[in-house]
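The values are calculated or read from the model by the stated rules, or taken from the named source; none is laboratory data. Keep in mind the model is a prediction, meaning the values are calculated, not measured. For neighbour counting, all protein chains shown are included, and Cβ atoms are generated from backbone atoms with ideal geometry for every residue, glycine included. Only protein heavy atoms, including side chains, enter the accessible area calculation; ligands, DNA and RNA are left aside. Shrake-Rupley method; radii C 1.70, N 1.55, O 1.52, S 1.80 Å.
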Amino acid sequence: MRPRLPSLFLVLVLAASSQAQEMLPKESHNINWSKFSGFWYILAIATDAKGFLPSRDKRKLGASLVEVHNTAQLKVVIAFSRSQGCQTLKVTLRKDNKKAVFRNTLRGVKAFQVLSTDYSYGVVSVRVGRAGREYRNLLLFSRQTMSSFLSIRDFVDVAEALELLETTTILPKDASCANTILP
Ligand SMILES: *[C@@H]1O[C@H](CO)[C@@H](O)[C@H](O)[C@H]1NC(C)=O
């Protein structure tokens, strides 16, 4: 067993004691969104949406651009390499009244939530779906294309708590798709 950090222990306890999808590590209540905003590479993904990832030879780094419009609105762009090529999604999300979750149910984004961050990396949960079908995606955001040991460990621990560990994929360091949304 790998040693666990206290905050990761908290994540696991919360996951075990409540609905995993509603788990909220303490940090997510206090996110400074202006500090979190800007350009991120997506270095890893864990998802239960089968077929979301392209074949190995087409995998590339993803990217996300996060803009805060006021405290209750986020504009999020995500670029991701799929089997059809580099795809970009743009969506405006509104904050839930009670939870530290942003959503746009009309566009099928049920929850965008930062589960853990030190602002050099972030573990981001994006739940998407419609009409009873729901997919969970866990993304590792990083300001750089290189990942730190701590960020990978944090990501893997959250993926394990959400039972997405087996789907965890570290993306190859090809930034050609990510750079299409560079500001
Ligand atoms: C949030 O981050 C911004 C940008 O780094 C900073 O100017 C501001 O003071 C921070 N706000 C709080 C409440 O820490």
Would you say Gly38 is open to solvent by less than 70 Å² (accessible area, probe 1.4 Å), modelled with pLDDT of 95 or more and in contact with a Ser or Thr (Cβ under 9 Å, 6 or more places away or on another chain)? no
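Tally up the residues in segment 29-51 that are more than 16 Å from the ligand (Cβ to nearest atom), over 21 Å from Leu150 (Cα atoms) and not acidic (Asp, Glu), please.
Residues of segment 29-51 more than 16 Å from the ligand (Cβ to nearest atom): 41-51.
Filter once more, so that each one left must be over 21 Å from Leu150 (Cα atoms): 48-51.
Imposing the further condition that a residue be not acidic (Asp, Glu) reduces the set to 49-51.
Total satisfying the criteria: 3.
Of the residues that make up segment 77-96, is at least one within 16 Å of the ligand (Cβ to nearest atom), buried (at least 17 other Cβ atoms within 10 Å of the Cβ), more than 14 Å from the chain's Cα centre (by Cα) and over 18 Å from Leu140 (Cβ atoms)? Don't jump to the end; show me each part of the working.
First pass over segment 77-96, keeping only residues within 16 Å of the ligand (Cβ to nearest atom): none.
So far as segment 77-96 goes, no, none of its residues is within 16 Å of the ligand (Cβ to nearest atom), buried (at least 17 other Cβ atoms within 10 Å of the Cβ), more than 14 Å from the chain's Cα centre (by Cα) and over 18 Å from Leu140 (Cβ atoms).
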Which of the numbered conditions does Thr71 fail, given that it passes all the others? Conditions: (1) modelled with pLDDT of 90 or more; (2) within 15 Å of the ligand (Cβ to nearest atom). (1)
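Which of the following residues is within 15 Å of Ala49 (Cβ to Cβ) and in contact (Cβ under 8 Å) with a residue 40 or more places away in the chain: Leu115, Leu162, Leu140?
Numbers: Leu115 fails: within 15 Å of Ala49 (Cβ to Cβ); Leu140 fails: within 15 Å of Ala49 (Cβ to Cβ).
Only one candidate passes the filter, namely Leu162.
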Filtering segment 63-76 down to residues that are over 21 Å from Ser120 (Cβ atoms) and either surrounded by 16 or more Cβ atoms within 10 Å (Cβ to Cβ) or not aliphatic (A, V, I, L, M) (or both) yields His69, Asn70, Thr71, Gln73, Lys75
